[in-house]
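Shown next, in structure tokens, is the structure this report addresses.
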Amino acid sequence: MSPTGIGERTLRTLLVEDDARLAELVGEALRRHGWLVDVVGSCADAYAALRSADYRVMVLDLGLPDGDGISLVRGLRMVGDPLPILILTARGRVAERIAGLNAGADDYVVKPCAAAELHARMRALTRRAAGAASPTLRLGPLEYDQSSRMASVNGAALRLTLRPSMVLETLLLARGRFVPRATIENALSNFEGGPESGAIEVYVNRLRKALEAAAPDVRIENQRGFGYRIVHAATGADS
């Protein structure tokens, strides 16, 4: 799959894997955890993808048809690219792990790896890159854990299915700014084929109803031409 010119994506990752079947399995597993995955199969395609889009993390196999993944890591670090890189490979000897980390990789995982562990490691890398000590987003009494995708109000769980929770995360990350509809669509675009026409309003309305029942001071506003934003009524902003 070729990367597309898509705008802001909260959890966009580049998967560099030349085994088509394995790339499909890993990609689908990450999508089920909410990641938006672009897949390429060579060093050259990885460089092209990195020039055309912004990624939160790169998952990299080492045995690629046009070179070793280690050379890709070194090349990015030589030009000062800080992109978090997780090596995912069958090479598991201690010397190989050390070589990968010394080349500039941020994490090294040996195949096979459980999807939940891979997701957790990737989220840890993105938090570290952002300088965030905690994956929790807060707005008034509302808290949202980015790792588990669980929301709560004053400590009580807010029952949301995955798509409304992804909308909530996108709005909270905007910190009170209006989020264009297209950005929300992009945030959902790789999850089970993306949202159908008109589905964004459905997910926003589900989220609104859940918040109205549990946290009436937290509301979602929409403005034609600007999109949606989430605010706390006490301040009308992101506090």
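The values are calculated or read from the model by the stated rules, or taken from the named source; none is laboratory data. Just so you know, these numbers come straight off a predicted model, no measurement behind them. Counting neighbours? That spans all protein chains shown, and the Cβs are built from the backbone with ideal geometry, glycine included. SASA here: full protein model, heavy atoms, side chains in, ligands and nucleic acids out. Shrake-Rupley method; radii C 1.70, N 1.55, O 1.52, S 1.80 Å.
Within the option set ALA95, ALA46, being in contact with a strand residue (DSSP E or B) (Cβ under 7 Å, 6 or more places away or on another chain), among the small types (Gly, Ala, Ser) and without any contact (Cβ under 8 Å) to a residue 40 or more places away in the chain holds for one residue only, ALA46.
Apart from one condition, ASP66 fits all of (1) closer than 22 Å to LEU36 by Cβ; (2) charged (D, E, K, R); (3) touching a Ser or Thr at 6+ places or on another chain (Cβ under 8 Å); the exception is (1). Exactly one residue out of PRO180, PRO135 is open to solvent by 50 Å² or more (accessible area, probe 1.4 Å) and modelled with pLDDT under 90: that is PRO180. In summary, strands (runs of 3 or more DSSP E) completely within region 53-119 and bearing 1 or more residues that are of a type in the set (Asp, Glu) occur at 107-110. Give region 32-89 a look and list any residue that's of a type in the set (A, V, I, L, M) and within 17 Å of ASN102 (Cβ to Cβ), or say none. Listed by number, the residues that qualify are LEU60, LEU62, ILE70, LEU72, VAL73, LEU76, MET78, ILE85, LEU86, ILE87.
With the condition kept exactly as written, say whether any residue in region 49-62 is open to solvent by 10 Å² or more (accessible area, probe 1.4 Å) and at pLDDT 90 or above. Yes, the conditions are met somewhere in region 49-62.
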